[in-house]
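To start, the structure itself, in structure tokens.
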């Protein structure tokens, strides 16, 4: 016996009994937390990797859709320019092919090509012969085509639709050229010329490929193609500052680009051009020999996974120290699950928002989206204006009710491109002469294209319809044609000779048929290929050399803004003849020109000489009559004087006056 009170012994025993179960509970809680934490760490790492891969695939799908839509726009431009019955071909290109040296025909072709090139942002627009020679070009046009461009021309001659070429390297930093070719065909379907629309990749293609929608230190998209035993990187690279198409790697290397060039698709993990391990999405680019590689460094993916894993471990440790009971551990697990669900939802919403925002920002036209049943999901502001429906009013309605289209000539309802996309599962465009009938009945000519929207598993989720108002384009085109027709009728219909003079080169660039007839020539070309002085005798009426005086007359018109003078011209059918010349300077598209009119003065001069002769004869007759009249008056006066003298003599002789001029005769008369 120790003499210790019984109560103290029992209390110590109670504490000992209580410490054992508590330690077991704590140990069990720690074991459970560690097991749960380790399991959750592994799941978070796996989830982070899967999220990164899913995001990579979403970005790749978005970029591929935008790339395909961009190329379809270029293809649609080429198709519109070469469609059968195109007025440009009939009124300008066909005459130019018949006479390549015709400056008027060249100007008729160059002006609309330059207008299209400027409006659509092309680097150059080229009209090429079937043999590959450049007939006419606007913008940054080469004198001769590159070998790959010539090969594209041969392909376009064989294909009924526009064809896209391959990228062509240029000396410009971070740039390359991409050609779209389409053939012009005659009424027999035979190709007679090829239109090349040339795009500078630095303006649209490369930014479209390189832009990444979310922050990333290593993410990158590349376009590659196979050339023999090598894979070529086509666009500027993020981690290597070199010219496009200057980086090449062996085709048999274990690199993501080489795998893509060998035909592999989908998600892969291998090295990139730096030999750094990456996860990449590989996709072939439709209608090209390119492949799109969308990649992120493995270290970046694992870094994100490690950050999330460390957060889990820290949370587990905090829970182990702060929470001892299973109830608190369960509550912590519920909290983590809720956070995980919210994070997943926010990530999906962010990706959807980024995709929608990127689409709207890249297209300045009307955008309408539908679900897989053809019901409207949303409209942008331009689409609201064109259709007359607000976004709230249109949501959930059938697309035919909101996007009502008819044929411009027949007024028959046109098949909705949304229905075609849903049935065919591919990008489609509207036929020509389509009118959009707005909610208030307003009709507008439009052009559009519809593209399918698919989920990651390829299931068709809806359609995106992009359309634009062509009213201004149609009005401008019609006004231009009407103006050209009126000018040509006025130009050709006048009886005077009308010409258009290049004042800097002192050469005629156009004339009417009255000019050709006046000069006794066979064609306009004979006028347009000569200096103004060469259509005149060596010297003018004042003795000055025609060559020297012609230059002085042009400079006088340039200085004073108008000049009118008389000139001698030559003709094959007659001697040099005088004309009345009027020079009126004008500036057209940066050229210093002069509107020139000639009026033949031959008949006027002849009439002037005849009038002078008649006036002279009249003057001579007047003088003769005056002399005759004076003689007659003098004779009459003399006769009267003689009669007076006779009467006076009769009076002196005492006889009666014979003529009544004497005094006696006066008395008798009284």
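If I filter the range 130-139 down to residues being in contact with a helix residue (DSSP H, G or I) (Cβ under 8 Å, 6 or more places away or on another chain) and surrounded by fewer than 19 Cβ atoms within 10 Å (Cβ to Cβ), which single residue comes out as nearest to residue 205 (Cα to Cα)? My answer is 139.
Working only within the range 447-470, note down all residues that are in a strand (DSSP E or B) and either within 21 Å of the chain's Cα centre (by Cα) or not assigned by TED's automatic domain parsing to the domain that holds residue 384 (or both). Residues satisfying the conditions are 447, 448, 449, 450, 465, 466, 467, 468, 469.
Does residue 156 qualify as being crowded, with 17+ Cβ neighbours inside 10 Å, in a strand (DSSP E or B) and at negative phi?
Here the answer is no, as residue 156 does not meet what is asked.
Criterion applied to 473, 484 was being at pLDDT below 85 and within 21 Å of the chain's Cα centre (by Cα), and the one residue passing it is 473. Just to be sure, is residue 430 at pLDDT below 85, over 27 Å from the mean Cα position of the chain (by Cα) and outside the structural domain of residue 211 (by TED's automatic domain parsing)? No.
One residue alone among 550, 618, 648 is exposed (fewer than 15 other Cβ atoms within 10 Å of the Cβ), touching a residue at least 12 places away in the same chain (Cβ under 8 Å) and assigned to a helix (DSSP H, G or I), and that residue is 648. On inspection, residue 528 fails the criterion of being at pLDDT 85 or above and either crowded, with 18+ Cβ neighbours inside 10 Å or not assigned by TED's automatic domain parsing to the domain that holds residue 564 (or both). For the list (1) surrounded by fewer than 18 Cβ atoms within 10 Å (Cβ to Cβ); (2) in a strand (DSSP E or B), I need the number of the one condition that residue 221 fails. All conditions pass for residue 221, except number (1).
With respect to the conditions (1) modelled with pLDDT under 80; (2) more than 29 Å from residue 470 (Cβ to Cβ), residue 289 lacks only one, and its number is (1). Among the residues of the range 495-525, which ones are free of Cβ contacts under 8 Å to residues at least 40 places away in the same chain, surrounded by fewer than 18 Cβ atoms within 10 Å (Cβ to Cβ) and touching a helix residue (DSSP H, G or I) at 6+ places or on another chain (Cβ under 8 Å)? Hits for the range 495-525 are 495, 507, 513, 516, 522, 523. One residue stands out among those in the range 177-192 that are over 17 Å from residue 135 (Cβ atoms) and in contact with a helix residue (DSSP H, G or I) (Cβ under 8 Å, 6 or more places away or on another chain): the one that is surrounded by the fewest Cβ atoms within 10 Å (Cβ to Cβ), which is 178. Evaluated against (1) under 30 Å from residue 444 (Cα atoms); (2) in contact with a strand residue (DSSP E or B) (Cβ under 8 Å, 6 or more places away or on another chain); (3) surrounded by 15 or more Cβ atoms within 10 Å (Cβ to Cβ), residue 477 falls short on exactly one condition, (2). Quick check: is even one residue across the range 205-214 buried (at least 20 other Cβ atoms within 10 Å of the Cβ) and in a strand (DSSP E or B)? Among the residues of the range 205-214, not one is buried (at least 20 other Cβ atoms within 10 Å of the Cβ) and in a strand (DSSP E or B), which makes the answer no.
Residues in the range 535-546 include at least one that is surrounded by 12 or more Cβ atoms within 10 Å (Cβ to Cβ), closer than 17 Å to residue 579 by Cα and at pLDDT below 85. Per the conditions (1) in contact with a helix residue (DSSP H, G or I) (Cβ under 9 Å, 6 or more places away or on another chain); (2) over 30 Å from residue 222 (Cα atoms), the sole criterion not satisfied by residue 85 is (1).
The values are calculated or read from the model by the stated rules, or taken from the named source; none is laboratory data. All values reported here derive from a predicted model rather than from experimental measurement. Quick reminder, even Gly has a Cβ in these numbers, built from the backbone with ideal geometry, and neighbours come from all protein chains shown.
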